[in-house]
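Below: the structure, in structure tokens.
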Ligand SMILES: CC(C)(COP(=O)(O)OP(=O)(O)OC[C@H]1O[C@@H](n2cnc3c(N)ncnc32)[C@H](O)[C@@H]1OP(=O)(O)O)[C@@H](O)C(=O)NCCC(=O)NCCSC(=O)C[C@H](O)C(=O)O
Ligand SMILES: [Mg+2]
């Protein structure tokens, strides 16, 4: 499934059972919303949340991408979740939790034919199978589930996320190799702005498209971190101008700010400008 050109800087989870939050999200500056039926919904609330969400998704969420996280097929709810949202016009994609193998995607694709699939990458086996998962023809995006991954690894929370690096790296490589969207895991301390900012910057440096979030307070920081900065845009424009001038003189290399600029840097520069245009095109 080709990667959409739209931005995914901020991807906000909303429990499918919380009517007030579902309504509030129609006015929030999130690039995408994950409507959650899995971990954020208590077992006794699962059936009600499914019905509430099916109704809520008839509302206008504007340009925000609408992704429904269903329960796993190893639970009593997953298949019914998939069936209810398969043909729902308010659903852009279905997110499958704890994807470990390509067969996990096949099972859901059978019930939601034609709907783009997203995969929660949060099991040790999923990390090892990331390339095969990313190659699935129905897959559009990957979401890091760093809480579940930490649990499986028995890892401790560290500000530098060292225990996560192998998994994050494997999934990034897989997503990039197959041109899929990939968004980073959540930052649990939702009132800690400095911690969130640092983790967003780290994710941006690594190449993630954006970050999953759990609270509206986190939107502004993620939107800023995953958008090109003014300095990046200025550099991109100057690189393109300098390279065009070099080409006009029969040269394949220009120099900007003491660094060489070749065709491959122009690809990045143009992608930076395109990302800014896509963000500007969002009216939220
Ligand atoms: C974390 C929360 C439980 C906090 O809830 P609450 O105490 O109600 O927050 P506030 O009072 O500060 O809320 C202020 C207003 O904002 C709205 N709100 C809160 N959260 C959201 C949200 N996520 N989306 C939209 N709107 C939201 C409230 O309704 C208030 O509105 P108003 O009444 O107008 O003032 C809560 O934020 C929450 O439930 N967050 C989501 C938790 C969640 O989805 N968890 C599951 C995903 S994380 C995960 O599973 C990752 C992965 O799988 C892994 O393994 O890592
Ligand atoms: Mg999880």
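Quick notes on this structure:
- The distance between label points at residue 247 and residue 79 comes to 5.6 nm (points 7 Å beyond Cα on the Cα→Cβ vector).
- The stretch 188-282, Cα convex hull volume normalised per residue, Å³: 104 Å³
- Binned Cα-Cα distances of the stretch 151-205, short to long, each 5 Å bin given as a whole percent: 4, 16, 26, 25, 18, 9, 2, 0
- Computed [θ] at 222 nm, helices only, for the chain once each DSSP H run of length n ≥ 4 contributes -39500 (n - 2.57): -13000 deg cm²/dmol
- Annotation for residue 264 and residue 151: the two label points, set 7 Å from Cα along the Cα-Cβ direction, are 4.1 nm apart.
- Stokes-Einstein D in µm²/s, Kirkwood radius over Cα pairs - the stretch 44-156 at 20 °C with 1.002 mPa s viscosity: 147 µm²/s
- For the chain, average projected area of the Cα convex hull in nm²: 15.7 nm²
- The alpha carbon centroids of the stretch 101-145 and the stretch 1-62 are separated by 20 Å.
- At full extension, residue 257 and residue 125 could sit 43.1 nm farther apart than now, given 0.36 nm per residue minus the alpha carbon distance.
- Each peptide in 31-41, 45-55, 67-77 gets a packing score, the mean of other Cβ atoms within 10 Å over its residues, and the list from highest to lowest is 31-41, 67-77, 45-55.
- Convex hull projection area averaged over all views, the stretch 1-64, Cα basis, nm²: 4.9 nm²
- A Gaussian network model of the chain, with springs between Cα atoms under 10 Å, assigns the largest mean-square fluctuation among 29, 103, 175 to 103.
- Multiplying each eigenvalue of the alpha-carbon gyration tensor of the stretch 74-226 by 5 and taking the square root yields semi-axes of 26, 17, 15 Å, largest first, rounded to whole angstroms.
Here, each number is a calculation from the coordinates, and none is a lab measurement. Please read these numbers as outputs of a predicted model, since none were measured by experiment. So basically every Cβ, Gly included, is an ideal-geometry build from the backbone, and we count neighbours across all protein chains shown.
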